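The values are calculated or read from the model by the stated rules, or taken from the named source; none is laboratory data. All values derive from a computational prediction rather than experimental measurement. Positions of Cβ are backbone-derived with ideal geometry, glycine not excepted, and every protein chain shown enters the neighbour counts. Note: areas computed on protein heavy atoms with side chains; ligands, DNA, RNA excluded. Shrake-Rupley method; radii C 1.70, N 1.55, O 1.52, S 1.80 Å.
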Amino acid sequence: EILEIDVKTCMDRDRGVKEEGNEEGSHTPFVIISNDENKQKKNPLISDQGSVVSENSVEVFNQILKRQESGVRCSTSHSELPLYLTGNTDGYVKLWEFGYPHHLAKYGLSGTRGRVTSVRFGPLGAKFGLSDTNGAIGLWHTTVSSLTPYCVLNCHDRATRDFAFLGSASVLASVGSSSNNRNVVIWDTLLPPSECAVKKFQAHEMGAMVCCYSAKSQSLISAGSKGDVCIFDVRQRKLQHMFTAHDSAIRSMCLSPDEELYFTGSSEGDIKSWSFGGSGGDQHSYSFSDGHKSTKLFSNLPGGSLKGVMKLHVDSTNHLVSCGADGEVKIRLLSNV
């Protein structure tokens, strides 16, 4: 199912705490949004709609809409419009409007479709794309009038796990698993199909899982299934440096709004923040002890089990939002990171 919820009250309260001033070394305030039925049974204050849990209290959150939609594996929201995308195990992507009961459009690649692994809007939101377990990326214009992709890339022969637009809707990077170990590829969709793969990198033994792009430093950051992180200089199209960030697969990654930090989340449930360190290597900034426990809560989902941290996002008000396979969404105010 999909839950649309209003967390503005929680974030406003956290901003109030920050304005009052936190003492050095104080904990980072956070709330937990849970829709785990087992946890609801333990506390009579939690409604059947879910809850927002802080360290000392329980508050029922304002649920906007609840959609019965099975098989959702990824989602992303539009930067300007009240729209978002969901990617499903059946290979389709649906476009939704917040508060509207039905999806606006449904998109999919032709032929045999793999499970959708990632969905992303382009830099201005006029275009979007999906990646799937068949190794493809499909790109569409953000409209309900044309459901046919204007571009399809066959990126990796095993699976494409994620992709990122590199400052333009026509240039992107894909990460995944390839038999030749070229698991990170930069594409220019304006070039002919035989020439659009402008650079292929041999990186991430056992495959790459996630990636993100920093426009400030013009760096592509990718993370792999063995906990390794690679930093690529997009201008020079070369690997700048690599290091081991986690002991297990990195399942999620995001940048802070000022792009001074980036965050990684692993299949074991731990979350870490990193500061860009240039060619000498990135610096570990902070580890979150309140991550997401590795669990078998969703082990029976189509397409395999989910583990650890599934998605990370830092908003413009300096809140780190994480969701995990433990059935919780946690919102933290980044005060001392």
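Take the Cα radius of gyration of the stretch 116-167 and divide it by 2.2 N^0.38 Å, with N its residue count; two decimals is plenty.
Compared with the compact-globule rule of thumb, the stretch 116-167 sits at 1.09.
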Task: Solvent-accessible heavy-atom area per residue, rounded to whole Å², over the stretch 69-127 at 1.4 Å - done: 48
Task: Under-5 Å amide H pairs with TYR286, H placed in peptide plane, nonlocal only - done: SER273
Task: Peptides 142-153, 170-181 ordered by average Cβ neighbours within 10 Å, highest first - done: 170-181, 142-153
Task: Where labels lie 7 Å past Cα in the beta-carbon direction, separation of ILE2 and LEU65 in nm - done: 0.8
Open item on the list: If each residue of separation counts as 0.36 nm, what is the full-extension length gain between THR244 and GLN218 once their alpha-carbon separation is subtracted?
Closed with: 7.2 nm
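Net charge around TRP187, counting only other residues with Cβ within less than 11 Å of its Cβ (Lys, Arg = +1; Asp, Glu = -1)?
Numbers: positive: LYS199, LYS200; negative: ASP188, GLU195.
Local charge sum for TRP187: 0.
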TODO: Report the net charge of residues surrounding TYR286, where surrounding means a beta-carbon distance below 11 angstrom and charges are Lys +1, Arg +1, Asp -1, Glu -1.
DONE: +2
TODO: Could you tell me, in Å, what Rg and Dmax come out for the Cα atoms of the stretch 126-212?
DONE: 12.4, 41
Open item on the list: Using each residue's phi in the stretch 240-257, evaluate 6.51 cos²θ - 1.76 cosθ + 1.60 at θ = phi - 60° and report the 3J(HN,Hα) Karplus result to the nearest Hz, with x for Gly and Pro.
Closed with: 7, 6, 9, 7, 9, 9, 9, 8, 9, 4, 8, 9, 8, 7, 7, 9, 6, x
